[in-house]
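What follows is a single structure, written as structure tokens, with notes after it.
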Amino acid sequence: MVATCLHLAGFVCSFIGWIGVVVATATNDWVVTCGYTITTCRKMDELGSKGLWADCVMATGLYHCKPLVDILILPGYVQACRALMIAASVLGLPAIFLLITVLPCIRMGHEPGAAKYRRSQLGGILIILLAMCGVVATIWFPVCAHRETTIMSFGYSLYTGWIGSALCLFGGCVIVCCSGDAQTFGLGSGTVGERG
């Protein structure tokens, strides 16, 4: 029963974390930048926002974004972070599907617990890979962006990516490490007649 509860908690954390990674990938508020000194930007009320897909300018009553569409002139870190975040988002689809199929409330015929256990472990490993891609991208991007321009603060997209990656890492580790063994996997949800 404890393994079933831990597995369910790991699934919920992983699912919420994956949604956070997808939101961070799709939005453009990764870092808030300033083209001048920080005091000048505050007086002028003109800030910039840099993300994976666009550079935006935020001024009083104006929010204008310039899409980053020319791949050949993009810095390498933007391309690498895009690839990592897209990989993380795509890895979440099969991982969540695998983890849904091994939930205690889902039955797929008379399959043995060992088959569900293997799917659970594979889903957990994919979630951990997803988390690693997200962690690398969300740390690498602001470090390299700071070399190009002055960063005033981190944006909500970066925080969403960090929290989503941390939840995925925690959920994946719980699924991989705390799911019990292959022989007893899934028995906590069955009835007494099914166990005997």
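Please identify the DSSP H helices in the chain that span no less than 30 Å along the helix axis (Cα) and have a mean Kyte-Doolittle hydropathy of 1.0 or more.
Span-like helices in the chain: 2-26, 76-101, 156-177.
So for the pair Cys105, Val136, with labels modelled 7 Å out along Cα→Cβ, what separation do we get in nm?
Those two pseudo-labels are separated by 3.6 nm.
What FRET efficiency, computed as 1/(1 + (r/R0)^6) with R0 = 45 Å and r the Cβ-Cβ distance, is obtained for Thr39 and Ala9, rounded to the nearest 0.05?
FRET efficiency, Thr39 to Ala9: 0.45.
Quick check for you: with a 1.4 Å probe and neighbouring chains kept, what is the accessible area per residue of the chain, in Å²?
In whole numbers, the chain has 52 Å² accessible per residue.
Just the number, please: carbon plus sulfur as a percent of the accessible area of region 1-84, 1.4 Å probe, no ligands or DNA/RNA counted.
71 percent
Summing -39500 (n - 2.57) over the DSSP H runs of n ≥ 4 in the chain and dividing by its residue number, what mean residue ellipticity at 222 nm do you reach, to the nearest 500 deg cm²/dmol?
-21000 deg cm²/dmol
Would you work out which of Gly161, His64, Gly17 lies farthest towards the positive end of the dipole of the chain? Charges go on Cβ: Lys and Arg +1, Asp and Glu -1.
Working it through, the farthest residue towards the positive pole turns out to be Gly17.
How much length would be gained if the chain were fully extended between Val90 and Ile71, taking 0.36 nm per residue of separation minus their Cα-Cα distance, in nm to one decimal?
Contour length minus the Cα-Cα distance gives 4.8 nm.
At a 1.4 Å probe, what is the % contribution of carbon and sulfur to the accessible area of region 120-173?
Roughly 78 percent, rounded to a whole number.
Work out, step by step, the length gained on full extension between Thr60 and Ala114: first 0.36 nm times the residue separation, then minus their alpha carbon distance; give nm to one decimal.
Between Thr60 and Ala114, full extension yields an extra 13.4 nm.
Can you send over the solvent-accessible area of Val12, 1.4 Å probe, protein chains only, in Å² to the nearest 10?
So the heavy atoms of Val12 present about 70 Å² to solvent.
So for the chain, taking the charge dipole from beta-carbon charges (+1 Lys/Arg, -1 Asp/Glu), which of Val32, Met152, Gly172 sits furthest toward the positive end?
Gly172
Along the charge dipole of the chain, pointing to its positive end and built from +1/-1 on Cβ of Lys, Arg, Asp and Glu, which listed residue (Ala83, Pro142, Leu130) has its Cα farthest out?
Comparing the listed Cα positions along the dipole, Leu130 ranks first.
Could you size up the charge dipole of the chain around its Cα centre, putting +1 on the beta carbon of Lys and Arg and -1 on that of Asp and Glu, and report it in debye to the nearest 20?
So the magnitude is around 220 debye.
The values are calculated or read from the model by the stated rules, or taken from the named source; none is laboratory data. Computed from a prediction, not measured in an experiment: that's the story for all the values here. With ideal geometry, Cβ positions are generated from the backbone for all residues, glycine too; neighbour counts draw on all protein chains shown. Heavy atoms of the whole protein, side chains included, go into the accessibility calculation; ligands, DNA and RNA do not. Shrake-Rupley method; radii C 1.70, N 1.55, O 1.52, S 1.80 Å.
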